[in-house]
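Report on one structure; see the data block that follows.
The values are calculated or read from the model by the stated rules, or taken from the named source; none is laboratory data. No experiment lies behind these values; they were computed from the predicted model shown. Backbone-built Cβ (ideal geometry, glycine too); neighbour counts: all protein chains shown.
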Amino acid sequence: MNRLSVRLVVSHVLVALIGVVATFGVVRWLAPAMFDETLRRQTGTGGRGPGMGGGPGTSGAGMVLRDQLATAVTQALLVGAVVGILAAAVFGVFAARRVIHSLSAVRTATRQIADGNYAAEVPEPKEAELAELASDVNQLGEALAQTEAHRMRLLGEVAHELRTPLTVIDGYVEGMIDQVLPTTPENLAQITDETRRLRRLGEDLSSLSKAEEGRLGLRIQPANASAIVQAAAERLRPQIEDADVTLVVAPSGSLPVNCDPDRIAQVVTNLVGNALRATPAGGTITVRTRIADRRALIEVSDTGVGLTSDQLPRIFERFYRVNDQRIGESGSGIGLTISRGIARAHGGELTATSAGLGHGSTFTLALPLSPSGSPA
């Protein structure tokens, strides 16, 4: 009885049986009374007119006819009940087979997806509800296929990121062991730089994992977003001015938010650093803060190389780098991914806009305003 096919057949039979019992009861109750009423109308004497003779014999004949009618009706109902129940059972089997066939296709596809065959698809059945289920399973397979592709690409990209510094370190160490390279402070400094690069990559990967899994460990407290942004941007001013780029910081007064100040400063630092790499000498980086739709908006704009419409949707992907020689070294390629994770962990969002190549770009960090309305 736990199988769906058996339950579907039994349900059809039960519905037919209930209908038969209800029909049988109603007909057995109404048929005799309706027969007597019809007979009275025909005789006009309450069952004792001409043709019945009004005597006991005639009345007895009427009762016999009444009983015969009841018996015929009962037999007809029984035959109809048997035919109806059989028809219900046959139809139930047919309906169950159709439903079970569609569900079997879904089950087969889900098993293939579980085995790693994400290309398995479920043909859409005619039933609307089952068609929606099949569509959901197909979408699940596509999403898992994309996730697996991203995972494989992530592994390849991590391996690539590790390969370069490890190759440099290995080459210098072997050269020193073979006494081909002297053990000078300059060569040791080169090894140290690559080691720091590996450490920085490890820290970035750890931050990325925590951001995507919601394990950033935020220390939320009331704060003024304008003050955080201004302090983070000003720390980069010497580096920006050395690159002959103008930094404009335009805070809008108090922006009360509940946030982790260190994490928000990390996002701003990353955005301004990216803007510096994308902006040639003589360009301008502008950092603004403002309030819109009950949100604190932090905007970092630049007059740099800009982004194409194809690059915008991918700019926050892990290890994605803008392929432009004017940018040069662009970090690990996961800074924006981490920054977006931090923004979302605060209940906010990080977005990017650009008018196209050569027209710069703008990154906007949106954070919910503090309900209290006053920072600490």
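Name the one entry in Gly341, Gly360, Gly348 that is more than 16 Å from Ala233 (Cβ to Cβ), modelled with pLDDT of 90 or more and within 26 Å of the chain's Cα centre (by Cα).
Details: Gly341 fails: modelled with pLDDT of 90 or more; Gly360 fails: within 26 Å of the chain's Cα centre (by Cα).
That would be Gly348, the only listed residue that is more than 16 Å from Ala233 (Cβ to Cβ), modelled with pLDDT of 90 or more and within 26 Å of the chain's Cα centre (by Cα).
Any residue at all in the range 119-130 that's of a type in the set (Val, Ile, Thr) and at pLDDT below 75?
First, the residues of the range 119-130 that are of a type in the set (Val, Ile, Thr): 122.
Cutting the leftovers down to at pLDDT below 75 gives us none.
No, every residue in the range 119-130 fails to be of a type in the set (Val, Ile, Thr) and at pLDDT below 75.
Just checking, which of Glu148, Glu161 is touching a residue at least 12 places away in the same chain (Cβ under 8 Å), touching a Gly at 6+ places or on another chain (Cβ under 9 Å) and within 30 Å of His101 (Cα to Cα)?
Values: Glu161 fails: within 30 Å of His101 (Cα to Cα).
Selected residue: Glu148, the only one of Glu148, Glu161 that is touching a residue at least 12 places away in the same chain (Cβ under 8 Å), touching a Gly at 6+ places or on another chain (Cβ under 9 Å) and within 30 Å of His101 (Cα to Cα).
Considering only the range 102-109, I want to know if a residue exists there that is assigned to a loop (DSSP other than H, G, I, E, B), surrounded by 12 or more Cβ atoms within 10 Å (Cβ to Cβ) and at pLDDT 70 or above.
The first filter runs over the range 102-109 and keeps only residues assigned to a loop (DSSP other than H, G, I, E, B), leaving none.
No: zero hits.
Looking only at the range 350-370, which residues are of a type outside the set (Gly, Ala, Ser) and either in contact with a helix residue (DSSP H, G or I) (Cβ under 6 Å, 6 or more places away or on another chain) or in contact (Cβ under 8 Å) with a residue 40 or more places away in the chain (or both)?
We begin by selecting, within the range 350-370, every residue of a type outside the set (Gly, Ala, Ser); these are 350-351, 353, 357, 359, 362-365, 367-369.
Leu350, Thr353, Leu357, His359, Thr362, Phe363, Thr364, Leu365, Leu367, Pro368, Leu369, listed by residue number.
Only one of Asp260, Asp293 is free of Cβ contacts under 8 Å to residues at least 24 places away in the same chain, under 17 Å from His346 (Cα atoms), touching a strand residue (DSSP E or B) at 6+ places or on another chain (Cβ under 9 Å) and not aromatic (Phe, Trp, Tyr). Can you tell me which? Walk me through it before giving the result.
Working: Asp260 fails: free of Cβ contacts under 8 Å to residues at least 24 places away in the same chain.
Asp293 is the lone residue from the list that is free of Cβ contacts under 8 Å to residues at least 24 places away in the same chain, under 17 Å from His346 (Cα atoms), touching a strand residue (DSSP E or B) at 6+ places or on another chain (Cβ under 9 Å) and not aromatic (Phe, Trp, Tyr).
Any idea which residue in the range 117-167 is nearest to Arg199 (Cα to Cα), counting only those that are surrounded by 12 or more Cβ atoms within 10 Å (Cβ to Cβ) and small (Gly, Ala, Ser)?
Ala145
Identify the single condition in (1) touching a residue at least 40 places away in the same chain (Cβ under 8 Å); (2) within 18 Å of Gly335 (Cβ to Cβ); (3) of a type outside the set (Lys, Arg) that Asn224 does not satisfy, given that it satisfies every other one.
Only one criterion is unmet by Asn224, namely (2).
So Ser206 clears everything in (1) loosely packed, with under 13 Cβ neighbours inside 10 Å; (2) under 18 Å from Ile342 (Cβ atoms); (3) in contact with a helix residue (DSSP H, G or I) (Cβ under 9 Å, 6 or more places away or on another chain) except one condition, right? Which one?
Looking at each condition in turn, Ser206 falls short on (3).
Just name the residue that is nearest to Ala227 (Cα to Cα) out of those in the range 276-290 that are assigned to a helix (DSSP H, G or I) and free of Cβ contacts under 8 Å to residues at least 60 places away in the same chain. Steps first, answer last, please.
If we filter the range 276-290 for residues that are assigned to a helix (DSSP H, G or I), which is where we start, we get 276-278.
This time we only want the ones that are free of Cβ contacts under 8 Å to residues at least 60 places away in the same chain, so: 276-277.
Values: Leu276: 21, Arg277: 24 Å.
It comes out as Leu276.
All but one of (1) surrounded by 11 or more Cβ atoms within 10 Å (Cβ to Cβ); (2) at pLDDT below 75 hold for Gly44, so report the exception by its number.
Among (1) surrounded by 11 or more Cβ atoms within 10 Å (Cβ to Cβ); (2) at pLDDT below 75, the lone unmet condition for Gly44 is (1).
With respect to Leu336, determine if the residue is in the same structural domain as Leu357 (by TED's automatic domain parsing), in contact with a Phe, Trp or Tyr (Cβ under 7 Å, 6 or more places away or on another chain) and either modelled with pLDDT under 90 or surrounded by fewer than 17 Cβ atoms within 10 Å (Cβ to Cβ) (or both).
Working: in the same structural domain as Leu357 (by TED's automatic domain parsing): yes; in contact with a Phe, Trp or Tyr (Cβ under 7 Å, 6 or more places away or on another chain): yes; either modelled with pLDDT under 90 or surrounded by fewer than 17 Cβ atoms within 10 Å (Cβ to Cβ) (or both): yes.
Judged against the criteria, Leu336 is a match.
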